[in-house]
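A short worksheet on the structure shown next.
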Amino acid sequence: MLKIDMLKFFRSGEFAGVERGLSRAQTIAMFGPAGASFKSAGAEILRYGAFWVSLFFGTKFL
């Protein structure tokens, strides 16, 4: 289970240890395997329960 500090997320963008600058492989290693994933318009979208992680050309958006 991931522990998420929402205040820290809103202040810094860090989400359960995932922060700017991490590679796709590092991000997936921290979250584990996605429940679902698909590619759309040059992005890879990974689903973890209620959260979706979109990877666009090395930039992470939650």
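Just so you know, in the range 37-62 the residues that are more than 10 Å from the chain's Cα centre (by Cα) and not in a strand (DSSP E or B) include one that is modelled with the lowest pLDDT, and it is GLY58.
Here PHE9 fits the description: touching a Phe, Trp or Tyr at 6+ places or on another chain (Cβ under 6 Å) and free of Cβ contacts under 8 Å to residues at least 60 places away in the same chain. Every condition in (1) open to solvent by 90 Å² or more (accessible area, probe 1.4 Å); (2) in contact with a strand residue (DSSP E or B) (Cβ under 8 Å, 6 or more places away or on another chain); (3) modelled with pLDDT of 80 or more; (4) of a type outside the set (Val, Ile, Thr) holds for ALA34 except the one numbered (1).
Scan the range 1-22 residue by residue and report those that are open to solvent by less than 50 Å² (accessible area, probe 1.4 Å) and among the small types (Gly, Ala, Ser). Result: GLY13, ALA16, GLY17. Of all residues in the range 1-28, those satisfying the criterion of being farther than 12 Å from VAL53 by Cβ and hydroxyl-bearing (Ser, Thr, Tyr) are SER12, SER23.
The values are calculated or read from the model by the stated rules, or taken from the named source; none is laboratory data. Bear in mind the structure is a predicted one, so any value in this text is a computation, not a measurement. Don't worry about glycine lacking a Cβ; one is built from the backbone with ideal geometry, like all the others, and counts go over all protein chains shown. With ligands, DNA and RNA removed, areas are computed over all heavy atoms of the protein, side chains included. Shrake-Rupley method; radii C 1.70, N 1.55, O 1.52, S 1.80 Å.
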